[in-house]
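If you scroll down you'll find the structure; I have some questions about it.
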Amino acid sequence: MTNLEQTQDKTDEELAVLTLENQGNFLYLLKRYEDKLMRYILRISNVSREEAEDILQDTFIKVYQNLNDFDPELKFSSWIYRITHNQVVSHHRRRQARPEGYKIELSDELANKLAADLNTPREIDRGLLRQGLEAALLNIDEKYREVIVLKFFEGLDYREISDILKKPVGTIGTLINRAKIKLREEMKKNSIKY
């Protein structure tokens, strides 16, 4: 059995512990999160692909440097998303600019999932709905957009979002509910009837 086959059966938390024993295992963690974190960075920031790659690289460096501090009793995904979130914030502070002009692209599957959670009727044209949701996401406040991205795009639960944003679970629930209200309001402003 190759090292790759052995690591595929491991959880993220187990791989983190194995990386402390053999740094070569870090590559497997990196591969598991590279695409997910790149999409996350692009969704919550207004950076170019090149800047996002720099942020991702800084994230992985930070993860590697702090791997000794990771508590294997916690979820590794929450921990790495929190580091990524902090790297995006740090990048924006260095640029001394508030993020604007986010690139939000919804697949039909994500649009349907979000629409179902917003209780939109099934008859609505899903293409129109997707466009309306993309536009609405660009117009809501950053704190609401971020929880929507984490919940619906990244598929994280309230506890994981709480860990990433360092806010109580109840606050996360409130933010998500308010974000859904804001999305509905934006869609109404843009004449998207549902």
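Please find, among ILE44, ILE55, the residue that is closer than 27 Å to PRO168 by Cα and either at pLDDT below 90 or in contact with a Lys or Arg (Cβ under 6 Å, 6 or more places away or on another chain) (or both).
ILE44
If you take the residues of the range 24-52 that are within 17 Å of VAL89 (Cβ to Cβ) and small (Gly, Ala, Ser), which of them is surrounded by the fewest Cβ atoms within 10 Å (Cβ to Cβ)?
The qualifying residue surrounded by the fewest Cβ atoms within 10 Å (Cβ to Cβ) is ALA52.
Is it true that some residue in the range 57-68 is surrounded by 18 or more Cβ atoms within 10 Å (Cβ to Cβ), in a helix (DSSP H, G or I) and of a type in the set (A, V, I, L, M)?
For the range 57-68, residues surrounded by 18 or more Cβ atoms within 10 Å (Cβ to Cβ), in a helix (DSSP H, G or I) and of a type in the set (A, V, I, L, M): present.
Still on this structure, I have one more. Taking GLY132 as meeting all but one of (1) modelled with pLDDT of 90 or more; (2) buried (at least 18 other Cβ atoms within 10 Å of the Cβ), write down the number of the exception.
(1)
Here's something else I'd like to know. Scan the range 139-183 for residues that are out of contact with any helix residue (DSSP H, G or I) (no Cβ under 8 Å at 6 or more places or on another chain) and either among the hydrophobic types (A, V, I, L, M, F, W, C) or farther than 21 Å from ILE83 by Cα (or both) and jot them down.
Passing the criteria: GLY170, THR174, ASN177, ILE181.
Can you tell me which residue among LEU150, LEU137 is surrounded by 19 or more Cβ atoms within 10 Å (Cβ to Cβ), in a helix (DSSP H, G or I) and modelled with pLDDT under 90?
LEU137
The values are calculated or read from the model by the stated rules, or taken from the named source; none is laboratory data. In this text the structure is predicted, and so the values were computed from the model without any measurement. Methodologically, a virtual Cβ is constructed for each residue, glycine included, from the backbone with ideal geometry; neighbour enumeration extends over all protein chains shown.
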